[in-house]
1. For a quick check: with amide H placed at 1.01 Å from N, whose amide H comes under 5 Å from SER146's, ignoring anything fewer than 5 positions away on the same chain?
2. For the stretch 37-160, what's the relative contact order in percent, using C-alpha pairs closer than 8 Å and at least 6 residues apart?
3. Per DSSP helix of 4 or more residues, -39500 (n - 2.57); summed, then divided by the residues of the chain. What does that give at 222 nm, rounded to the nearest 500?
4. Please tell me the relative contact order of the chain in percent, rounded to the nearest whole number, where contacts are Cα pairs under 8 Å and at least six residues apart.
5. Which of these values of log10 I(q)/I(0) by the Debye sum over Cα atoms at q = 0.07, 0.09, 0.12, 0.15 Å⁻¹ was calculated from the structure shown: [x] -0.28, -0.47, -0.87, -1.39; [y] -0.40, -0.64, -0.99, -1.23; [z] -0.25, -0.42, -0.77, -1.20?
6. Applying 1/(1 + (r/R0)^6) with R0 = 22 Å to the Cβ-Cβ distance of SER311 and ALA230, what FRET efficiency is obtained, to the nearest 0.05?
7. Mind jotting down the distance between the C-alpha centroids of the stretch 275-294 and the stretch 1-67, whole Å?
8. Label ASP50 and ASP4 with points 7 Å out from Cα along Cα→Cβ: what is the distance between them in nm?
Amino acid sequence: GTIDINATESLTLSGTSPNSKISSAIRSESVSLGQGAKINISTRQLSVLDEAQIRTGTYSEATGNNINVDASNSIRLAGGRISSSTFATGNAGSLQISTSQLKATDAGSLTSATVGSGRGGNITVDADSIELAGGSSFNRSGISASSFSTGNAGSLNINTGQLQIKNGATVSSSSFANGNAGSINIYASESTNISGINPNLRVSSNPESTIRTAVQASTSSGQRALGLPAVPAGNSGNITLNTPFLILSEQGTINVENEGTGEGGTLSINTEQLNLEEEGSITAATASGTGGNITLDTKSLQINDGSEITSTAGN
């Protein structure tokens, strides 16, 4: 069946049960041959708080179903998550998000993941403004697609007026195994601002605010827990960013990266004015595969205060 929710004013999910730590949730799962339910949500204001979840998942060869959210006024993710995942051969469902204002804080996120051979779902966001800020000790606020097996990660498609990524938040598509990272396509009609780090982030050597597509080697504990390879073999995705004004500051970065044997993706930026300040950076790097290209099309480029644009290939 289908889960249809129409809340004329607001819909709020929050918290976990005190004993079992089960999250408040709207969820659809496929555990055998039958396809899971599609989730459709229509409201003015959607709040997903304190580890609550809206999610679909497949544990079989069946295709996971989609989540469609139309929140005309705002979506707030404060420690809550909207997600789609596959743990088997079936493809994960996609996320389609439409709102005036999207704000993610305290490790709130939109996520898509594959832990099997099925393909991760794509994420599409249409919003007048997007603000992604901070995170917790173990997770970032943001929009992300990930692969932890042979399935390819999904792509991210973002259409907005203003995009702000602050204090260690992220827009990312990553692979930690042999699947490929997905591409990231962003159109911000007014401005894009990427700034700051999350000094409390303990699970990553990259605490900075970032737009990135990467193939990364997991920690030894992650390799044991998820059966991940010591050297991943997937290819990085591509990043395409179109915006009139782009500023990267306080170690904010845009990068394509591959720490395994695969190739680096390409990074293309089209903007009228590009400012790199206070160690802001645009980078492409590979450990052994072909390095990624960086293409900048701009009328004005300023690089200040230890900022840099670099492309590096190992071997």
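The values are calculated or read from the model by the stated rules, or taken from the named source; none is laboratory data. Predicted, not measured: the structure shown is a model, and the values here were computed from it. Positions of Cβ are backbone-derived with ideal geometry, glycine not excepted, and every protein chain shown enters the neighbour counts. All accessible areas refer to the heavy atoms of the entire protein, side chains included, with ligands and DNA or RNA removed. Shrake-Rupley method; radii C 1.70, N 1.55, O 1.52, S 1.80 Å.
1. Here the answer is SER112, ALA113, THR114, GLY154, SER174, since their amide H atoms fall under 5 Å of that of SER146.
2. Once normalised by length, the contact order is 22 percent.
3. Value at 222 nm, helices only: -500 deg cm²/dmol.
4. This gives 10 percent for the chain.
5. [z]
6. Efficiency for this residue pair is about 0.30.
7. Each part's Cα centre sits 37 Å from the other's.
8. Going from the ASP50 label point to the ASP4 one covers 3.2 nm.
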